[in-house]
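The values are calculated or read from the model by the stated rules, or taken from the named source; none is laboratory data. On a predicted model such as this, the values are computed, not experimentally measured, just so you know. Glycine gets a Cβ as well: all are built from the backbone with ideal geometry, and neighbour counts include every protein chain shown.
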Amino acid sequence: MEANLEQAVKKLISDFECPTDALKHAMEDFDELRRKGLEKDDEMLAMAPAYISSVPTGEETGDFLALDLGGTNLRVCWVRLLGEGKYEMKQSKATLPREIVRNESAQPLVDFICDHIELFINENFPEKVGVPEKEFLPMGFTFSYPMSQRSIVDTTLIRWTKGFNIPEAIGLDFGSTLTQGMKDRKLPVVIEAVINDTVGTLVTRAYTSNAYNTIMGVIFGTGSNGAYIENSSDIPKLNDAGNKEKMLINIEWGASSFKSLPATRYDLLLDHDTPNPGRQMFEKRVSGMYLGELFRRALFHLIKVYNFNNGIIPPSVTDSWSLETSVLSRIVVNRSAENIKEVLRPYGIRFRDDSEALLIYDVAYCIGRRSARISSVPIASLYLTTGHAGKKADIGVDGSLVEHYPNFVGMLRDALKDVLGEDEKNISIGIAKDGSGIGAALCALQAVKEK
């Protein structure tokens, strides 16, 4: 093994380090950004009121459709809320074609969604075809992209994230656009609520956990974002809260950028090759969509400059976005040369000796660890600054990183302990399974009740 490769990996690991003091400074920056976003629109953090004023108790009941437009898949679901925190669900899932999510026009996406809603209804509710509007199926729509809201159904798309790029849709009410598409197709569905997946995660955790102190919903998946419960009186830009004391807030924290956590060369190169350079900098360091690409760029640099892999750059390392985050997951699950060789062999990566393989493990590990440590910043900041410090608090989480990335939650908790000390023990973190589906149904139920 060449000595300069070992030194290069040590430098890379150092660049991805997130010292505790830097995290604490980032927490202060985040709180300042949060307050600015609550005061007025068009700030770095959207801080969008969700027009949902309470969380479920677990006793809610009813039947609803749920539509979930995520970063990778489209799902159409039927949800039956049974009370006692229980539910039944039937769903259909389809992968979103790249040519639809990167398109000048929104119409191909609308048509794709309507196709799958129509198929789901024909298979599961054929008796609803042709019914009058008063008998339409109520639906909650989880739309996991930055949006401002004027009510629980009136929204405006601020920007696309997660690799979407449909310029025509920006500034429009996508829910209304979809409603018109369904009307043109004579689909017996009415959208009762439009929510973000983080809001869905929060209400789902509250419904299913019996914790009675759920304060946040957090997504660590293709993208990263959070929602929390705010006092309406502390939202200056909220002109009409009615008599509602509380309001769920969709933060859109993927847009955060912290001076105390400088970007590495790999972050800057990755950002340059995205549809939204200079935006979503937090998300590009944390979320599952980007970790594999950061690892690929690190490998490319080590091969080209330090003669790793005998200086041979295979196609899997040459082509952008060719290594998924699942590759990192398979590497970091076991720090053994045998495992690392097995995982990377199909990608044309060879090692001179076992110690070289372990160096590449360390590269993969530090990228995932940084993601978890940065993820602690908004959680810890919200816990301390929104009236929960020193108290028991529950957080619902969802997404591929918390479900599938080895020890992600453990590394997150380590970072929370670093910045919160003993208060970390007051925080419970639990999976809100399928927050985008169950949460959409729960919010549709609240909307129907408030009509």
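A few notes on this one:
- Selection of the stretch 206-245 for residues being over 30 Å from Phe408 (Cβ atoms) and of a type in the set (A, V, I, L, M) yields Ile235, Leu238, Ala241.
- Any hit, the stretch 18-29, residues being assigned by TED's automatic domain parsing to the domain that holds Val286, part of a loop (DSSP other than H, G, I, E, B) and not hydroxyl-bearing (Ser, Thr, Tyr): yes
- Verdict on Val286 being of a type in the set (Val, Ile, Thr), more than 25 Å from Gly140 (Cβ to Cβ) and either surrounded by 18 or more Cβ atoms within 10 Å (Cβ to Cβ) or modelled with pLDDT under 95 (or both): yes
- Taken over the stretch 103-124, the criterion of being surrounded by 13 or more Cβ atoms within 10 Å (Cβ to Cβ) and touching a Pro at 6+ places or on another chain (Cβ under 8 Å) is satisfied by Phe112, Ile121.
- Those residues of the stretch 220-236 which are surrounded by fewer than 14 Cβ atoms within 10 Å (Cβ to Cβ) and part of a loop (DSSP other than H, G, I, E, B), in sequence order: Pro236
- Test: residue in the stretch 128-141 that is surrounded by 13 or more Cβ atoms within 10 Å (Cβ to Cβ) and in a helix (DSSP H, G or I): yes
- Scanning the stretch 326-335 finds one or more residues that are β-branched (Val, Ile, Thr), more than 18 Å from the chain's Cα centre (by Cα) and under 30 Å from Asp423 (Cβ atoms).
- Residue within the stretch 360-380 that is in a loop (DSSP other than H, G, I, E, B) and farther than 15 Å from Leu401 by Cβ present: no
- The number of residues in the stretch 396-435 being in contact with an Asp or Glu (Cβ under 7 Å, 6 or more places away or on another chain), in contact (Cβ under 8 Å) with a residue 24 or more places away in the chain and more than 20 Å from Pro56 (Cβ to Cβ) comes to 1.
- All of Ile113, Ile52, Ile121 fail the test of being over 22 Å from the mean Cα position of the chain (by Cα), outside any strand (DSSP E or B) and among the β-branched types (Val, Ile, Thr), apart from Ile121.
- Every condition in (1) acidic (Asp, Glu); (2) surrounded by fewer than 21 Cβ atoms within 10 Å (Cβ to Cβ); (3) touching a residue at least 40 places away in the same chain (Cβ under 8 Å) holds for Glu192 except the one numbered (2).
- Scan of the stretch 406-437 for residues that are under 16 Å from the mean Cα position of the chain (by Cα), buried (at least 21 other Cβ atoms within 10 Å of the Cβ) and assigned to a helix (DSSP H, G or I), ordered by number: Phe408, Leu412, Gly435, Ser436, Gly437
- Per-region count, the stretch 1-38, residues closer than 22 Å to Leu291 by Cα, surrounded by fewer than 19 Cβ atoms within 10 Å (Cβ to Cβ) and in contact with a Ser or Thr (Cβ under 7 Å, 6 or more places away or on another chain): 2
- If only residues of the stretch 148-192 that are outside any strand (DSSP E or B) and small (Gly, Ala, Ser) are counted, the one that is nearest to Arg279 (Cα to Cα) is Gly163.
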